Amino acid sequence: MLKYKDDERVDGLLFRYYHFYGSYRFLGDGRSWYPFEIRIIKNNKKIRSYKDAQGFRWEDGRKLQVKLIDAHIYHYGWARNPVIMNRKQTAFGNLYNGGRTAEQKEEIAFDYSKVDSITLFAGSHPHVMKEIVAAEDWTLNRDVNKKNFKNIKHRLYYFLDKRFGWRPFSYKNYKLIH
């Protein structure tokens, strides 16, 4: 932040993401997971949260100019006990559908098998998460080699990303400054 605070070209800082899915051991690594997002912006009242508050834009809709920094966001929103995750999805459905989603009457486990692709997390978790990760009380058995792509195009996009680091046609809510 100190490095770029006076750089007028830089509106914000871009972080890499780890999206944990189904467990603290797995990461969602398909195209439905955003690999980067803006998480620090300059203190400017003309910069606003954008759409579902995933990112930021200027109030006139222009994308922010950002620098990619060497830091990760550990996103744990999809790493929950399957029964708890189903409750969360039901509650979100009620919020987003104006209370029109039926309440769950029984404890149903969320189906974590419908994601396109996951991989094993080979890193370590932040210290503040150590106890929570150690207390994981469910088991997700998933073969990370089994992919669930919609079609051959998505399989090709995945290959290009994993082999060459290229994500053609992917959504970017920012302009990267090199």
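The values are calculated or read from the model by the stated rules, or taken from the named source; none is laboratory data. All figures in this text were calculated on a predicted structure; none of them were measured in a lab. Because the Cβ atoms are built from the backbone with ideal geometry, glycine has one as well, and the counts that use them run over all protein chains shown.
Is it the case, given these coordinates, that PHE15 is touching a Leu at 6+ places or on another chain (Cβ under 6 Å), within 19 Å of TYR171 (Cα to Cα) and aromatic (Phe, Trp, Tyr)?
Here the answer is no, as PHE15 does not meet what is asked.
Exactly one condition in (1) surrounded by 13 or more Cβ atoms within 10 Å (Cβ to Cβ); (2) in contact (Cβ under 8 Å) with a residue 12 or more places away in the chain; (3) assigned to a helix (DSSP H, G or I) is not met by SER113; state its number.
Here SER113 clears every test but (1).
Looking only at the stretch 134-157, decide whether some residue is at pLDDT 95 or above, acidic (Asp, Glu), part of a loop (DSSP other than H, G, I, E, B) and surrounded by 13 or more Cβ atoms within 10 Å (Cβ to Cβ).
yes
Using beta carbons and a limit of 6 Å, which pairs, at least six apart or on different chains, have the first residue in the stretch 66-89 and touching a residue at least 24 places away in the same chain (Cβ under 8 Å) and the second one among the acidic types (Asp, Glu) and surrounded by fewer than 17 Cβ atoms within 10 Å (Cβ to Cβ)?
VAL83/GLU107
As an exercise: evaluate ASN81 against (1) within 22 Å of ALA135 (Cβ to Cβ); (2) within 13 Å of the chain's Cα centre (by Cα) and give the number of the one condition it does not meet.
(2)
Quick check on my filter: what residues within the stretch 57-76 are within 27 Å of VAL128 (Cα to Cα) and either surrounded by 16 or more Cβ atoms within 10 Å (Cβ to Cβ) or under 12 Å from the mean Cα position of the chain (by Cα) (or both)? Spell out the reasoning first.
Taking the stretch 57-76 first, the residues within 27 Å of VAL128 (Cα to Cα) are 67-76.
Of everything in the stretch 57-76, those that are within 27 Å of VAL128 (Cα to Cα) and either surrounded by 16 or more Cβ atoms within 10 Å (Cβ to Cβ) or under 12 Å from the mean Cα position of the chain (by Cα) (or both) turn out to be LYS67, HIS72, ILE73, TYR74, HIS75, TYR76.
Anything in the stretch 19-28 that is in a strand (DSSP E or B) and either in contact with a helix residue (DSSP H, G or I) (Cβ under 8 Å, 6 or more places away or on another chain) or surrounded by fewer than 20 Cβ atoms within 10 Å (Cβ to Cβ) (or both)? List them, or say none.
Listed by number, the list holds a single entry, TYR21.
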